[in-house]
1. Run the accessible area of the chain with a 1.4 Å probe and give the carbon-and-sulfur part as a rounded percent.
2. Evaluate the charge dipole of the chain about its Cα centre and quote only its size in Debye, nearest 20, assuming +1 on the Cβ of each Lys and Arg and -1 on the Cβ of each Asp and Glu.
3. So who's got an amide H within less than 5 Å of the one on Ala208, skipping anything under 5 residues away but keeping other chains? H placed 1.01 Å off N, in plane.
4. Tell me the mean residue ellipticity at 222 nm calculated for the chain from its helices only (DSSP H runs of n ≥ 4, each -39500 (n - 2.57), averaged over every residue, nearest 500).
5. State the extension gain, in nm to one decimal, for the chain segment bounded by Met61 and Leu118, taking 0.36 nm per residue of separation less the distance between their alpha-carbons.
6. Using the C-alpha atoms of the chain, what convex hull volume per residue, in cubic angstrom, is computed?
7. I'm a student and want to see the number: the projected area of the Cα convex hull of segment 57-149, averaged over all directions, in nm².
8. Tell me, what is the per residue accessible area of the chain in Å², probe radius 1.4 Å?
Amino acid sequence: MLADYTLTEQEPSLLRKIFQYRFGLKDAVETDALIAEAVSLLDGEPGIGEIWAGVGRERRMRKLATRFSVYLEDFDRLHLDGFMRFRLSDYRAEVYEAAETAVEERLMETQYQEFMSLLKSMVEWQETRTPAVHVLHSGGFAFRLLDGEMRPLEDDVDADPDSDPDEEEESLVVSRLLAASPGQLYIHTPEPESQVIRTIIGIFGDRAALYPDMPIH
């Protein structure tokens, strides 16, 4: 019961104090969102047949229950706040690490969205240089860029084997499309949910259209 109460009531309260006093967050909605994110990081992915409790929560529950049981074998009373402060320093450190990770991930997401917004604004104000561009994505890191007449716009885009494939793929394709500044963008891909495709659509907005099949040329 004490372990369950700690995870259900004390843990969110501890996270709220960390976000408010150590990270200086004032917005209640943002704080609640970060608490949920931190708890999700602590809990981990749910197991098969589980709805919400991941292996991380089960591990913390067993760990806390053991600590409480050992203490109560020798003592009749337990001051929960004091116990958490002085006897559960490793648990508190784990919670703080999750809070720190949640803040870092939120900051990275915010910076990414700001960067995307900047690129989208640039596209909206940029003069059209190419009437149409076809993006041929055969999956993975394989891309070809063709103009409206189905002629190669640039050399095939290949990822540098010495760099992060995802970052290399996205940066090369996006930079070439920005340089081409197409009036219309036709994206042919079997993977419309891939990160780079979602990034391209996010930047070019209404100019971009998805097609599941490759064009015949």
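The values are calculated or read from the model by the stated rules, or taken from the named source; none is laboratory data. Every value quoted in this text rests on a predicted model; they were computed, and no experiment measured them. Please note: Cβ atoms are built from the backbone with ideal geometry, for glycine as well, and neighbour counts cover all protein chains shown. The accessibility values were calculated without ligands, DNA or RNA, using every heavy atom of the protein model including side chains. Shrake-Rupley method; radii C 1.70, N 1.55, O 1.52, S 1.80 Å.
1. The nonpolar share, carbon plus sulfur, comes to 53 percent.
2. The calculated dipole for the chain is roughly 940 debye.
3. Sorted by chain and number, the residues that satisfy this are Leu185.
4. The helix contribution divided over the chain gives -17500 deg cm²/dmol.
5. Gain on extension, Met61 to Leu118, equals 16.0 nm.
6. 173
7. For segment 57-149, the mean projected area of the Cα convex hull comes to 11.0 nm².
8. Accessible area per residue, the chain: 62 Å².
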